[in-house]
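Structure, as structure tokens:
The values are calculated or read from the model by the stated rules, or taken from the named source; none is laboratory data. Every value quoted in this text rests on a predicted model; they were computed, and no experiment measured them. Here Cβ is always computed from backbone atoms with ideal geometry, including for glycine, and neighbour counts include all displayed protein chains.
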Amino acid sequence: MSKWKSITGAQAVAEAMRQINPDVVAAYPITPQTPIVEQFASFVANGIVDTEMIPVESEHSAMSCTVGASAAGARAMCATASQGLALMWEVVAAVPGLRLPIVMPIVNRALSAPINIHCDHSDSMGATTIGWIQIYSENAQEAYENTLLAIRLAEHKDVLLPVMVMQDGFIISHGVENVEIFDDDAVRKFVGERNPDRYLLDVDHPYTIGPLALPDYYFEIKRQQEEAMQNALKVYLEVGDELSKISGHKYPYFEEYKTEDAEVVIVVLSSTAGTAKDAVDELREEGKKVGLIKPILFRPFPYKEMRKALEKFKAIGVLDRSIAFGAYAPLYTEVRNALFESENKPKLQSYVYGLGGKDIFKSDIKKVFEELLSGNVNPEEQRYIRLRG
Amino acid sequence: MKDVYEVRMHARAGQGAKSGSQLLAEAAFKEGKWIQSFPEYGSERRGAPTVSYTRISTKRLRTHEPIVNPDAVLVFDPGLARTIDVIHGLSEENGVLIVNSTDSVEEVKKQTGFNGKTYVLDATGISLSLLGIDAPNVPMLGALLKVTGVVKLESLEEVIKEHFLEKLGEEKVNKNLEGLRKAYEEVAK
């Protein structure tokens, strides 16, 4: 039987980890990820899970421990945010090449400097080119479900790549919401056990992991990684279909909200998509044909499917919660890329919002829709929402 | 009751507004509602001004914006009104303001500049007499329930028991429940 709880996004992810019952968790607490580790540590202390929890002295060690455990054959997890992700970067970047299926919840938080503890996506958007799969969650429910899905996706033999599962810092991680926690037995059956073909503790079949690869083979190994990334597109949908049988929910690459007859849409990730749905409903009541696209799977990016979904609109506003200094913002870049082959390109407008936790309101989103409807767009200009003048 | 009922709580860190916001949400959750409870975070230190929000809805909640037009505002420390616009977005026609104060309703109206429905409660006095500490959150919720009926008293009592029995023991839980009921009876218009 599933059970409804009133819990935070952080607790929802800890619930997913309780049901996954990983062999090893090594993590260092960092705001706003701390309540995940705190809650999970209490599960360990109370014997609710039989995970070996390794307290470490830094995030660099946290990811190093997780890598060691995963290479040994364990199902190993970590969790972090912002500066923590930055500190463990050296090891994070090595994980995809080692082909270790580590799942790491990320609670999105701004990067220093200036120091700031609040939500934006500059931490995980800095990690889009190194070979981790990335899944973004709108609310606590999605963070919970995406974490379960991520385990099976990461460990699939055609993928064997690490996955980051994002939720918005404080807005989701520290906000209490209604969350449906699925039946323990059903989820345990779904996540199963990790059964690696090769692992270091399999002493009868010794193998080398992470060797030196010079110009002779490095390139080829990277090419294999890219193939695994492309495989992840298919496996994501397959695993999602399986999870649907438990949850009754769907796991598409992106969510389309009231887009069927829409003339203009906003593309936005994570918690702001929820606020935007309310804005869409209010404008629909006024007879305005507006809709929303919420990307969920960001790496690998589903270019073809996104192009098909987007090319029918007149204008598209893309809202990014991070800047790619000196370049177009990350989500905007992908939307532009997706539409390059399109014959009838919609008009595009880039907006940056919410850096360092700057609030965004339904009224801001409605203003964006009005701007798109008015045709006042310039695809080469980056506009800013609620920036002090 | 409206489809979505929104409460904002102004307090000082340490007065239990974050817990208060959560207790209220959980009481509504028990009644089968969709809920959100979230605080505004800054650099936490005891005594600093805090804001906490509770949303209670008959429909699934999707928005993640802060509450702009609250139906009720609770002020845990009347001194906050000197520097913070505690009634921001509160409608004088339909809004409800509840202030933890020993002053009269008229004086509180003057202090806050609010001319709508205003109530005062000596929540700190109740807390000090029963628990010996300044934890006005539970009495403030008692006043809110009496004035608005947003959740049932029994639902909140149940949540308080669940939350604190293990942590505080039976004696303190009973004193909290007594404070809740006392506030429910004493809140003055």
*Collect the residues in the stretch A:350-365 that are within 12 Å of another protein chain (Cβ to nearest Cβ) and assigned to a strand (DSSP E or B), keeping them in residue-number order.*
none
*Are any of the residues in the stretch A:139-159 under 25 Å from A:Ile323 (Cβ atoms) and assigned to a loop (DSSP other than H, G, I, E, B)?*
yes
*From the set of residues in the stretch A:160-218 that are charged (D, E, K, R) and in contact with a helix residue (DSSP H, G or I) (Cβ under 9 Å, 6 or more places away or on another chain), which is farthest from the other protein chains (Cβ to nearest Cβ)?*
A:Arg194
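Would it be correct to say that B:Asn94 is over 28 Å from A:Thr8 (Cα atoms) and either assigned to a loop (DSSP other than H, G, I, E, B) or within 12 Å of another protein chain (Cβ to nearest Cβ) (or both)?
Against the criterion (over 28 Å from A:Thr8 (Cα atoms) and either assigned to a loop (DSSP other than H, G, I, E, B) or within 12 Å of another protein chain (Cβ to nearest Cβ) (or both)), B:Asn94 qualifies.
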*Out of all the residues in the stretch A:360-380, is one or more in contact with a Pro (Cβ under 9 Å, 6 or more places away or on another chain) and in the same structural domain as A:Thr275 (by TED's automatic domain parsing)?*
yes
*Which is in contact (Cβ under 8 Å) with a residue 12 or more places away in the chain, on the phi > 0 side of the Ramachandran plot and either assigned to a helix (DSSP H, G or I) or surrounded by 14 or more Cβ atoms within 10 Å (Cβ to Cβ) (or both), of B:Gly14, B:Gly47, B:Gly20?*
B:Gly14
*Would you call A:Phe301 crowded, with 16+ Cβ neighbours inside 10 Å and aromatic (Phe, Trp, Tyr)?*
yes
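Conditions tested, residue by residue: (1) aliphatic (A, V, I, L, M); (2) within 14 Å of chain B (Cβ to nearest Cβ).
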position	(1), (2)
A:Leu85	yes, no
A:Trp89	no, no
A:Val92	yes, no
A:Ala110	yes, yes
A:Asp123	no, no
*Out of curiosity, is A:Ala228 aliphatic (A, V, I, L, M), more than 30 Å from B:Gly42 (Cβ to Cβ), surrounded by 19 or more Cβ atoms within 10 Å (Cβ to Cβ) and out of contact with any strand residue (DSSP E or B) (no Cβ under 6 Å at 6 or more places or on another chain)?*
yes
*asked:* When you check B:Glu106 against the structure, is it of a type in the set (Asp, Glu) and within 14 Å of chain A (Cβ to nearest Cβ), yes or no?
replied: no
*Run A:Thr129 past the list (1) within 15 Å of the chain's Cα centre (by Cα); (2) surrounded by fewer than 23 Cβ atoms within 10 Å (Cβ to Cβ); (3) in a helix (DSSP H, G or I) and report the number of the one that doesn't hold.*
(3)
*In the stretch A:341-384, which residue that is farther than 21 Å from A:Asp281 by Cα and aliphatic (A, V, I, L, M) is surrounded by the fewest Cβ atoms within 10 Å (Cβ to Cβ)?*
A:Val377
*Just give me the residues in the stretch A:161-178 being over 10 Å from A:Ile133 (Cα atoms) and in a loop (DSSP other than H, G, I, E, B), in sequence order.*
A:Gly169, A:Phe170, A:Ile171, A:Ile172, A:Ser173, A:His174, A:Gly175
*Look at the stretch B:45-71 and say how many of its residues are more than 17 Å from the chain's Cα centre (by Cα) and facing another protein chain (nearest Cβ under 9 Å).*
6
_Unmet criterion (only one of (1) among the hydrophobic types (A, V, I, L, M, F, W, C); (2) part of a helix (DSSP H, G or I); (3) within 14 Å of another protein chain (Cβ to nearest Cβ)) for A:Leu319_ = (2)
*Hey, A:Ala72 surrounded by fewer than 24 Cβ atoms within 10 Å (Cβ to Cβ), closer than 26 Å to A:Ser271 by Cβ and aliphatic (A, V, I, L, M) or not*: no
*Out of (1) in contact with a helix residue (DSSP H, G or I) (Cβ under 9 Å, 6 or more places away or on another chain); (2) assigned to a helix (DSSP H, G or I), what's the single condition that is false for A:Tyr332?*
(1)
_Set A:Gly175, A:Gly210: member being surrounded by 11 or more Cβ atoms within 10 Å (Cβ to Cβ) and touching a Gly at 6+ places or on another chain (Cβ under 7 Å)_ = A:Gly175
*Could you run through the stretch A:285-303 and say how many residues are within 14 Å of chain B (Cβ to nearest Cβ) and under 16 Å from the mean Cα position of the chain (by Cα)?*
1
*For the stretch B:25-44, enumerate the residues that are touching a residue at least 60 places away in the same chain (Cβ under 8 Å) and either more than 9 Å from chain A (Cβ to nearest Cβ) or under 14 Å from the mean Cα position of the chain (by Cα) (or both).*
B:Glu26, B:Ala27, B:Ala28, B:Glu31
*Among A:Ala327, A:Ala309, which is the only one that is under 25 Å from the mean Cα position of the chain (by Cα), assigned to a loop (DSSP other than H, G, I, E, B) and away from chain B (no Cβ under 14 Å)?*
A:Ala327
*Only residues that are closer than 21 Å to A:Met164 by Cα and surrounded by 20 or more Cβ atoms within 10 Å (Cβ to Cβ): list them for the stretch A:255-273, please.*
A:Val267, A:Val268, A:Leu269, A:Ser270, A:Ser271, A:Thr272, A:Ala273
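What residue, among those in the stretch A:257-284 that are over 22 Å from the mean Cα position of the chain (by Cα) and small (Gly, Ala, Ser), is nearest to the other protein chains (Cβ to nearest Cβ)? Don't jump to the end; show me each part of the working.
Taking the stretch A:257-284 first, the residues over 22 Å from the mean Cα position of the chain (by Cα) are A:258-264, A:278-284.
Those left that are additionally small (Gly, Ala, Ser): A:262, A:279.
On the way: A:Ala262: 18, A:Ala279: 9 Å.
Ranking the candidates gives A:Ala279 first.
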*Inspect all residues belonging to the stretch B:103-113 and state whether any of them is more than 19 Å from B:Val73 (Cβ to Cβ), without any contact (Cβ under 8 Å) to a residue 60 or more places away in the chain and surrounded by fewer than 22 Cβ atoms within 10 Å (Cβ to Cβ).*
no
_the stretch B:55-84, subset more than 18 Å from B:Val150 (Cβ to Cβ) and polar (S, T, N, Q), residue modelled with the lowest pLDDT_ = B:Thr83
_Given the condition part of a strand (DSSP E or B), in contact with a Lys or Arg (Cβ under 8 Å, 6 or more places away or on another chain), touching a residue at least 24 places away in the same chain (Cβ under 8 Å) and under 21 Å from A:Met125 (Cα atoms), answer yes or no: does some residue in the stretch A:340-347 qualify?_
no
